[in-house]
């Protein structure tokens with residue numbers, strides 16, 4: 001991933017590779033944000049709603065679980081889930097394992113919407129990668145496996161005792177203003193759906209921590 005790596009110590013090479021990965025993150029964020037916005041406009045689906053659909057599809061069954069996934073308070077998620085439910089994309093049903101609680105489930109329409117947006121994202125990337133050689137694609141595959149392992153280790157080592165944020169870290173579009181008012185927070189377009197890139201908006205926080213949900 002570095003230019004040549006010739007003459008560098010392993011620590012220097014690792015640092016150079018880490019910097020190149022970080023340089024790529026803003027470009028990836030801009031691509032995903034703009035592409036989901038374009039695909040989601042036909043489906044009346046915002047970026048944050050797509051992120052919630054992906055979270056539910058990957059196993060989050062309650063607003064509380066989605067909140068823990070993004071390290072925000074449940075109030076941030078409630079408005080998003082309510083809007084998805086009102087659009088017939090999500091439903092609440094009795095949990096067969098505990099009939100005292102309700103769980104979130106994607107409807108057929110919600111599953112189709114999520115899959116259509118994800119197909120648009122992967123299709124655009126695949127079209128660009130189609131010009132790569134077999135050797136380049138194999139090298140990229142190995143690099144992705146390494147990045148998955150690296151980010152998983154970083155996430156596992158991240159402190160878990162930090163309190164959840166009351167502001168919305170998830171991306172904001174104009175159509176999401178109502179959700180911001182309901183949650184009492186303001187966010188910034190710094191999330192990449194299921195490929196979450198944490199970007200705190202609180203002026204007291206200056207760290208940027210990339211995390212993954214198993215897809216990057």
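The values are calculated or read from the model by the stated rules, or taken from the named source; none is laboratory data. The structure displayed is predicted, hence computed values, not measured ones. Note that we place each Cβ from the backbone using ideal geometry, even for glycine, and neighbour counts take in every protein chain shown.
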Please work out if residue 136 is closer than 30 Å to residue 25 by Cα and either in contact (Cβ under 8 Å) with a residue 12 or more places away in the chain or in a loop (DSSP other than H, G, I, E, B) (or both). no
Can you find a residue that is touching a strand residue (DSSP E or B) at 6+ places or on another chain (Cβ under 9 Å), surrounded by 12 or more Cβ atoms within 10 Å (Cβ to Cβ) and modelled with pLDDT of 90 or more anywhere in region 29-43? no
Got at least one residue in region 1-20 being in contact with a helix residue (DSSP H, G or I) (Cβ under 7 Å, 6 or more places away or on another chain), closer than 30 Å to residue 143 by Cβ and part of a helix (DSSP H, G or I)? no
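Yes or no, residue by residue, for (1) in contact (Cβ under 8 Å) with a residue 12 or more places away in the chain; (2) exposed (fewer than 11 other Cβ atoms within 10 Å of the Cβ); (3) touching a strand residue (DSSP E or B) at 6+ places or on another chain (Cβ under 6 Å); (4) closer than 15 Å to residue 48 by Cα:
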{"residue": "65", "(1), (2), (3), (4)": "no, no, no, no"}
{"residue": "74", "(1), (2), (3), (4)": "no, no, no, yes"}
{"residue": "80", "(1), (2), (3), (4)": "yes, no, no, yes"}
{"residue": "85", "(1), (2), (3), (4)": "no, no, no, yes"}
{"residue": "109", "(1), (2), (3), (4)": "yes, no, no, no"}
{"residue": "127", "(1), (2), (3), (4)": "no, yes, no, no"}
{"residue": "132", "(1), (2), (3), (4)": "no, no, no, no"}
{"residue": "152", "(1), (2), (3), (4)": "yes, no, no, no"}
{"residue": "156", "(1), (2), (3), (4)": "no, yes, no, no"}
Anything in region 97-115 that is over 17 Å from residue 60 (Cβ atoms) and at pLDDT below 90? List them, or say none. 99, 100
In region 48-56, is there at least one residue being touching a strand residue (DSSP E or B) at 6+ places or on another chain (Cβ under 8 Å) and either more than 15 Å from residue 113 (Cα to Cα) or surrounded by fewer than 19 Cβ atoms within 10 Å (Cβ to Cβ) (or both)? no
